[in-house]
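Working notes, beginning with the structure itself.
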Amino acid sequence: MVNLRRLDLNLLVTLDVLLAELNVTRAAERLHISQPAVSVHLAKLREVLEDPLLLPGPRGMRPTARAESLREPLREALESLTRAVAPAAPFEPANADLTWRITATDYTESTIVLPLMQQLRAHAPKTRLAVYDLVPSRLSRQAEQGNIDIVFHTTENAPDGLRRKALFTERYVLVGRRGHPKLKRRPTLKQFCELDHSIVSQDGGGFHASTDDALAAMGLSRRVVFSVPHFLFLRAALASTDLVAMAPERLVRDDPALQLMAPPIDLPGFEISMYWHERVHRDPAHRWLREAIVSVV
C-alpha cells in the first residue's frame, strides 16, 4: 500500500505532466518551475511508488508499465479534483431543478412565503418549495443537519448558531370587519376595553397577550372572548363576526373584508428575520433564494 501522507498533490501534478511530455525540460516549462525541481519531484515519486516510472529513451523518456497504468486514472483523478475545488458556477434560476425547505408560522406563510412562491414560479419554475411547521426547539439542529434551508422567526428568542438577516418590523393594528358598528371611528381606551376581543394563542387556549400586560400596567383590562391557534383562522373569524383583535398589520392590510385603525394603546411591535446555517451561506443557489426573499418583503 502506498503511504498517501508521503504523496502530496504537487507530486501527482508533476507526474501527470511528465507522463504527457516525457521530457523533464518541457514538463518544467509547463509547470513553471525549474528543471532541478522537476527532477527532485520525480525522485520522490520513484521512492514513494517504488518504481522508476520514466526511463531514458532515444527521444526523451519512456514510461514504465507502472507509469502507463497510472496515466489515465491519474488524469481522471486530477480532473475530478479540479472540478471539486473550482469556484461554484453561477446560479441560473430558470434552469434550476431543486427543492428548497422553509419553516414558517402561518403568519410568515401569509406575509413572506406566499409572495415568495409567486416569485419562484416566475423566475425559477422548475424548483419546488416545501414549507414545514416551525418548532423552535428543533430549528438549529434541523438547519445544521441540512433538513431545512431557511427559518422565518422573530428576532426575539431567535435560534442559536445561525446567520440572520432582519426582514421587516411589524406593528399591531386594531382590526374588525368592514362596517363594524363600533369601529366607525377610532375608539377611546374605555371603548376599546369594552369590545369583544379575540387573540392568537400559539400555545393553545390562552386568553392573555401582550396587550393585556400593557393594559394591566395602567390598571385596566379588556374582554377576551375568543382564542385561536392560528392567525389565518383569526382573520376569517374577524370578517364574519363583531369580534375585534390586535393583529399584525401585514396580515390584514390587504383584506377587503376587514378594516383597521391605530389602537388607542401603544403596543410594541416585533421584528421578523430569516435565519440559515453557515453550511449554505456561500452557496449561489441559496444566496439567490435569500435575495428573492428580501425582494418580496
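Worth a mention:
- Test set (1) out of contact with any strand residue (DSSP E or B) (no Cβ under 8 Å at 6 or more places or on another chain); (2) in contact (Cβ under 8 Å) with a residue 12 or more places away in the chain - Thr103 fails condition number: (1)
- Among the candidates Pro248, Pro263, residue that is out of contact with any His (no Cβ under 7 Å at 6 or more places or on another chain), buried (at least 18 other Cβ atoms within 10 Å of the Cβ) and closer than 18 Å to Pro181 by Cα: Pro263
- Going through (1) surrounded by 10 or more Cβ atoms within 10 Å (Cβ to Cβ); (2) under 40 Å from the mean Cα position of the chain (by Cα) one by one, Pro63 falls short only on (2).
- Per the conditions (1) hydrophobic (A, V, I, L, M, F, W, C); (2) touching a residue at least 40 places away in the same chain (Cβ under 8 Å); (3) part of a loop (DSSP other than H, G, I, E, B), the sole criterion not satisfied by Leu251 is (3).
- Breaking point among (1) outside the structural domain of Glu144 (by the TED database); (2) closer than 18 Å to Val135 by Cα; (3) of a type outside the set (Asp, Glu), for Leu81: (2)
- Of the criteria (1) of a type in the set (Phe, Trp, Tyr); (2) within 27 Å of Arg186 (Cα to Cα); (3) not in a helix (DSSP H, G or I), which one Tyr275 fails: (2)
- Considering only residues in the stretch 196-245 that are surrounded by 13 or more Cβ atoms within 10 Å (Cβ to Cβ) and of a type in the set (Lys, Arg), the one that is nearest to Asp106 (Cα to Cα) turns out to be Arg235.
- Those strands (runs of 3 or more DSSP E) of the stretch 147-241 in which at least 3 residues are under 30 Å from Ile293 (Cβ atoms) and of a type in the set (A, V, I, L, M, F, W, C), considering only elements entirely within it, cover 150-154, 163-170, 172-177.
- Taking the stretch 135-153 as the range and being loosely packed, with under 15 Cβ neighbours inside 10 Å and not basic (Lys, Arg) as the test, the residues that pass are Val135, Pro136, Ser137, Glu144, Gln145, Gly146, Asn147.
The values are calculated or read from the model by the stated rules, or taken from the named source; none is laboratory data. In this text, all values refer to a predicted model and were calculated from it rather than measured experimentally. So basically every Cβ, Gly included, is an ideal-geometry build from the backbone, and we count neighbours across all protein chains shown.
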